[in-house]
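J.: Structure in structure tokens, see below.
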Amino acid sequence: MLNYFETPVIEILDKAAEKAGVKILIKREDLNHLYASDNKWWKLKYNLQEAKRLGHDTLLTFGGAFSNHIFATAVAGKELGLKSIGIIRGEKVLPLNHTLAFAENCGMQMHFISREDYRRKTEQPFIDQLKEKFGEFYLIPEGGTNAFAIRGCAEFAKEKIWPIGCTHVCLPVGTGGTLAGIVSGLRGETKVIGFSVLKDGSFLREEIKSQLVFFIGSNWEIQTDYHFGGYAKQTSVLTEFMINMKQQYDLPLDHVYTGKMMFGIFDLIKKGYFEKGSVILVIHTGGLQGSDR
């Protein structure tokens with residue numbers, strides 16, 4: 001099993017939040033492992049156990065060129081003595097960016113495919129082709145989201161979030177697996193708000209409903225207005241916001257996930273979305289590889 005370090009909960013003392021009568025807490029899950037950190041730790045936990053139980057010595061997964069999941073899977077494989085293969089969306093560009101270079105240094109074998117082929121990643125004939133090419137492997141879906149991932153995130157919610165006591169839990173959303181797990185773990189007793197990082201994240205509502213295998217609840221929602229142009233896109237407004245958060249609160253953010261979420265939270269506070277007395281727990285889901293923490 002991967003090493004896990006207990007993470008702190010810090011309070012952000014902000015004038016806008018004080019004026020609105022709400023409290024902002026940050027759960028720094030980006031610090032739960034040196035590299036395979038944040039929600040990826042919880043999403044990988046039971047997948048790695050299952051791979052070991054089935055006797056696999058190779059992990060295969062999917063991701064884009066800046067995928068936190070690719071980064072974490074490569075580290076996990078190295079730490080547990082497993083081979084890893086990353087099926088990467090798009091053409092290989094040299095020099096490799098920090099994420100892919102690090103994954104390669106961890107021993108991950110990377111295979112670049114076209115975006116057209118990448119869309120076939122869940123089709124059995126395509127998976128069979130990968131087995132012909134690479135041999136047997138334990139398959140982890142894109143973003144790590146499957147029933148094992150949701151189980152791990154539900155465990156995180158019960159063990160690490162519930163004892164804190166809060167009225168709202170906020171987190172960024174890519175594939176929706178972490179949110180589904182947290183909703184399941186909290187069993188509807190705390191409002192969970194996901195901030196989609198995709199330009200068109202409306203489909204995520206139905207996707208998450210299909211993932212709620214442990215608990216079917218309605219006390220959650222997806223905010224879709226804070227994507228800043230889509231996945232991995234950013235603007236000068238977002239960049240300036242992230243710089244200010246680092247300078248004022250010593251809170252490092254990334255432009256793919258956490259920066260967009262935090263911008264959305266502060267915007268909703270200013271718009272009066274949260275009732276007076278609300279305690280907002282923000283899950284810092286990492287994505288800081290290559291940045292200066």
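J.: Grab every C-alpha pair in the stretch 132-245, bin the distances at 10 angstrom width from 0 up to the longest one, and report whole percents.
T.: Binned Cα distances yield the sequence 14, 40, 29, 15, 3, 0.
J.: Rg and Dmax in Å for the chain, alpha carbons only: what are they?
T.: Rg then Dmax for the chain, in Å: 18.6, 61.
J.: Which pairs in the list Lys121/Lys209; Lys199/Lys270; Lys131/Lys233; Lys40/Lys276; Lys15/Lys40 are over 30 Å apart, alpha-carbon to alpha-carbon?
T.: Distance filter (> 30 Å) returns Lys131/Lys233; Lys40/Lys276; Lys15/Lys40.
J.: Each label point is 7 Å from the Cα along the Cα-to-Cβ direction; what then is the distance between the points at Glu50 and Leu94, in nm?
T.: 3.7
J.: To test your reading of the geometry: what angle, between 0 and 90 degrees and rounded to tens, separates the Cα axis of helix 236-249 from the longest principal axis of the chain?
T.: For helix 236-249, the angle is close to 70 degrees.
J.: What's the angle, to the nearest 10 degrees (0 to 90), between helix 258-270's Cα axis and the longest principal axis of the chain?
T.: 20
J.: Further, regarding this structure: Using a 10 Å cut-off around each Cβ, can you sort Thr7, Thr167, Thr190, Thr178 from fewest to most neighbouring Cβ atoms?
T.: Going from least to most buried by this count: Thr167, Thr7, Thr190, Thr178.
J.: Rounded to the nearest Å, what's the spacing between the alpha carbon centres of the stretch 216-293 and the stretch 84-106? Just the number, please.
T.: 27
J.: What value, in deg cm²/dmol to 500, does the helix sum -39500 (n - 2.57) over DSSP H runs of n ≥ 4 give at 222 nm once divided by the residues of the chain?
T.: Numbers: 11 runs with 112 residues, N = 293.
Only helices count here, giving -11500 deg cm²/dmol.
J.: In addition: Could you tell me what percent of the DSSP beta bridges with both partners in the chain are antiparallel, to the nearest 5?
T.: Values: 4 of 36 bridges.
In the chain, approximately 10 percent of DSSP beta bridges are antiparallel ones.
J.: Using only the alpha-carbon atoms of the stretch 39-144, report the extent along each of the three principal axes, biggest first, to the nearest angstrom.
T.: 35, 32, 22
J.: Same structure, new question: With only Lys, Arg, Asp and Glu charged, each at its Cβ (+1 for the first two, -1 for the last two), find how big the charge dipole of the chain is about the Cα centre; round to the nearest 20 debye.
T.: Dipole of the chain, to the nearest 20 debye: 240 debye.
J.: Considering the Cα trace of the stretch 71-124, what is its radius of gyration and what is Dmax, both in angstroms?
T.: 11.9, 33
Each reported figure results from applying straightforward, stated rules to the coordinates on display, with no laboratory input. Computed from a predicted structure; not experimentally measured. Cβ atoms come from the backbone with ideal geometry, glycine included; neighbour counts cover every protein chain shown.
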